[in-house]
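The values are calculated or read from the model by the stated rules, or taken from the named source; none is laboratory data. Quick caveat, the model's predicted, so the values are computed rather than measured. Please note: Cβ atoms are built from the backbone with ideal geometry, for glycine as well, and neighbour counts cover all protein chains shown.
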Number of protein chains: 2
Amino acid sequence: MMKIYNYKKSHALFKKAAEIIPCGIYGHYSPSPLVPATAYPFYTAKAKGSRIWDVDGNEFIDYMCAYGPMVTGYGNPKIEAAAAKQNKLGNCTTAVPPIMVELAEYMTDLIPCADWAFFAKNGGDVTNYAVMVARAATGRDKILMISGGYHGVSPWMQTAGHHGVMDDDKKNVIAIKWNDIAQFEKTVSENKGKIACFISSPYHHPVFCDNEYPADGYWQSIEKICRREGIVIITDDIRAGFRLDMRGSNEFFGYKSDLICYCKALANGYPISALVGSKDLMNAASKVFYTGSYWFSAVPMAAALANLKEMKRTNAPAFMLKQGEKLLNSMVKIASNYGYDLKVSGAPSMPYLRITNDPSLMLHQEWCAECTKRGAYFTSHHNWFISTAHDDKDIKKTWDIVDDAFKAIKKKFGDEFQL
Amino acid sequence: MMKIYNYKKSHALFKKAAEIIPCGIYGHYSPSPLVPATAYPFYTAKAKGSRIWDVDGNEFIDYMCAYGPMVTGYGNPKIEAAAAKQNKLGNCTTAVPPIMVELAEYMTDLIPCADWAFFAKNGGDVTNYAVMVARAATGRDKILMISGGYHGVSPWMQTAGHHGVMDDDKKNVIAIKWNDIAQFEKTVSENKGKIACFISSPYHHPVFCDNEYPADGYWQSIEKICRREGIVIITDDIRAGFRLDMRGSNEFFGYKSDLICYCKALANGYPISALVGSKDLMNAASKVFYTGSYWFSAVPMAAALANLKEMKRTNAPAFMLKQGEKLLNSMVKIASNYGYDLKVSGAPSMPYLRITNDPSLMLHQEWCAECTKRGAYFTSHHNWFISTAHDDKDIKKTWDIVDDAFKAIKKKFGDEFQL
């Protein structure tokens, strides 16, 4: 019998937090999409490798990886050593650190589309900056994006009608369907000479629904249209970056991007984001005034450089894709043993899963919750993340948990959702 | 004869950087306002206490403090110990750290206007969020701000016509003059029921010109009008926060703020910003979706908590104000010995200086450059910053440098600018 976790301390602390912090825990860390919230830990006490321990002492194989930033293992000794070495010299000072130039050199060598690099903190810093650069370069106002695409929390990026978002914020944003070249063509021709840029993740990874790869020839058609119309292509690689291809996820899907936004996996959790771009746009990038208090800090740059080198050395994306496939193939089989259809979409290194037997997602939520309560941290609404720290031992243990969780929901629901 | 610095390595590295980074160095770290740029170092090799060393081995007493973040000394052992201890446990993980609740508790206890606290990375994250909260709370769109006020780099905060900024971005922003209650009243009555918030620093600290304290009764009048009209008061305390008063700079000037934005001095350079607010606005704050990849990281929170406690224990704002006054009083006297009128404005802990003899600022730039080349890092366009690490030895050495620099410009310009 597997141990079923309880979260007494987590939930007591949350109650206290809710008095003095909006939502108690806000944003993408909010417990609200963790259904039922009683199945999830809210506070991390310790993290190491592929594991986190919550404040109640429960241990988890962490398949969320801090929603992406953790990519080479929590507390990776190589990254930590590089960060500590730099921190002894200095971090946030009055002039910039030499390592900023070294990091820019490394990234422009690594990424074929990158002739230059710009560093910030948030993913949203660089998606915003990318759009401003595209506007400055083209003299156009409109932004083309994919419905359900996520590019940060600036008002223009949020859904119209959300709290704090004005209609004016969305005035220059046109959202179209993913993988729909006909709609793309139509929208471009209806807004001829007005669209500054097309911003999109390299494949579609929304929450609460199946993720979608580009259809054959999709990006190649997009590229052709954008070149013809002078529309800047912005690849938002904040989530997928370095989990598909070290050279940029656009290379994985075979297209050239004018600008690429990086964040999460860049520095294994150290706070840094980056925009890289083509020579053509460097002048426009130089004209836009864009900055932040901590953007020139040396430690996250040292961590990024060490992390990129380590990922390159180990061919981390290939390893994570392989580990993901291994994990998922057997999980699908285990599911079918219990009469459940577990659908996997997106990249195996950051898969989105869904039990199709119940379209309401309730059954899927129940199963993710049962897995989490047994030590495999699975969200039900968001793609998961594999890191290079997820080894075969983790995967084997996960299969055992997955099996036990399917057994539990089968016991609870009987034949109700059987196909 | 004092040693005059040269910056061969800094400038060689910058040349390389300019090939692969927009502007080489961008934003507020850009060398462009450092006039003449040949007098300034561009790259920090090492930082400790009140000092930085550049890549050419030159040592500086640093009066910019990373443009604000450094407040208790580079590499402060207490802050570093707290950060290192937390880093061993974990930093950016899949759930939030317990220290987030502890930090929120500490700040809501410390700051009278704060019933809740929200954490992010950039100063601009929390000014943006504050405006969204005010809009969500009031259902109004318009923002009132002070001409020349700086609240970050989001398009609405930038000057109309700047690259990447659209006219639409500025549509709901009304800029008025500092210390002008009549214009404030007029603007409010012309936009009755339409203004969501008034965002302003607690005193006016623009670049390239004298800083200004609020006139007697200014904030009290603002408060009265805003209460009457249901306008949310947002204090942008990103630059002045914890350099005037631990309880919020609004307390220093005797008014109540609905929201206060913090960043720079919060964690002695560790990347964290905060919005604190009144109970009335907690519901609106909870409704706005706002988040970032690294906002729940534990290390900057641990650093912030240690830094705030240390500043509280030592009454850091009072010390920095006193050290600033000591430094500046004698500097003004030294200037007058050479026939120059050195005007000091703003808070002594973050003073703006200007030699009034030459209204073009050229003479002031020459003097700041001469000081910097002798080891006192002074910018000519931006207010400086004092930290608790600036001791009497630093101040004495600075006076010597200041004297020698005045001697040098007197020698260069003779009686040209004498009053």
Of the residues that sit in the stretch A:357-404 and are touching a Phe, Trp or Tyr at 6+ places or on another chain (Cβ under 8 Å) and of a type in the set (Phe, Trp, Tyr), which one is nearest to A:ASN307 (Cα to Cα)?
A:PHE385
Within the stretch B:12-34, restricting to residues that are in a loop (DSSP other than H, G, I, E, B) and among the β-branched types (Val, Ile, Thr), the one that is farthest from A:TRP116 (Cα to Cα) is B:ILE25
Can you tell me how many residues in the stretch B:127-142 are over 27 Å from the mean Cα position of the chain (by Cα) and of a type in the set (Lys, Arg)?
1
Can you go through B:ALA318, B:ALA298 and tell me which one is closer than 29 Å to A:GLY123 by Cα and among the hydrophobic types (A, V, I, L, M, F, W, C)?
B:ALA298
Got a number for residues in the stretch A:71-94 being within 7 Å of chain B (Cβ to nearest Cβ) and in contact (Cβ under 8 Å) with a residue 12 or more places away in the chain?
6
Say whether the condition of being of a type in the set (Val, Ile, Thr) and outside any helix (DSSP H, G or I) is met by at least one residue in the stretch B:271-282.
yes
Can you tell me which of B:ALA12, B:ALA39 is more than 8 Å from chain A (Cβ to nearest Cβ) and over 22 Å from B:LYS397 (Cβ atoms)?
B:ALA12
Checking the conditions here, which among B:LYS373, B:LYS411, B:LYS407, B:LYS396 is buried (at least 18 other Cβ atoms within 10 Å of the Cβ) and farther than 25 Å from B:LYS264 by Cβ?
B:LYS373
For the stretch A:254-264, indicate whether the set of residues that are closer than 23 Å to A:TYR129 by Cβ, touching a Pro at 6+ places or on another chain (Cβ under 8 Å) and assigned to a helix (DSSP H, G or I) is non-empty.
yes
So B:GLY24 fits all but one of (1) in contact with a Phe, Trp or Tyr (Cβ under 6 Å, 6 or more places away or on another chain); (2) of a type outside the set (A, V, I, L, M, F, W, C); (3) in contact (Cβ under 8 Å) with a residue 60 or more places away in the chain; what number is the exception?
(3)
Just name the residue that is surrounded by the most Cβ atoms within 10 Å (Cβ to Cβ) out of those in the stretch B:101-139 that are among the aliphatic types (A, V, I, L, M), at the interface with chain A (Cβ under 7 Å from one of its Cβ atoms) and in contact (Cβ under 8 Å) with a residue 60 or more places away in the chain.
B:VAL133
Please verify whether the stretch B:249-272 includes one or more residues that are under 30 Å from A:ALA274 (Cα atoms) and away from every other protein chain (no Cβ under 14 Å).
yes
Considering the stretch B:49-58 alone, what residues qualify as being within 22 Å of the chain's Cα centre (by Cα) and at the interface with chain A (Cβ under 8 Å from one of its Cβ atoms)?
B:ILE52
For the subset of the stretch B:26-51 comprising residues that are in contact with a Pro (Cβ under 8 Å, 6 or more places away or on another chain) and closer than 20 Å to B:TRP384 by Cα, which member is surrounded by the fewest Cβ atoms within 10 Å (Cβ to Cβ)?
B:ALA37
I'd like the full set of residues that are more than 9 Å from every other protein chain (Cβ to nearest Cβ), surrounded by 21 or more Cβ atoms within 10 Å (Cβ to Cβ) and within 23 Å of A:GLY292 (Cβ to Cβ), limited to the stretch B:140-155.
B:ILE143, B:MET145, B:ILE146, B:HIS151
From (1) over 20 Å from the mean Cα position of the chain (by Cα); (2) surrounded by fewer than 23 Cβ atoms within 10 Å (Cβ to Cβ); (3) at pLDDT 95 or above, pick out the condition that doesn't hold for A:LYS322.
(1)
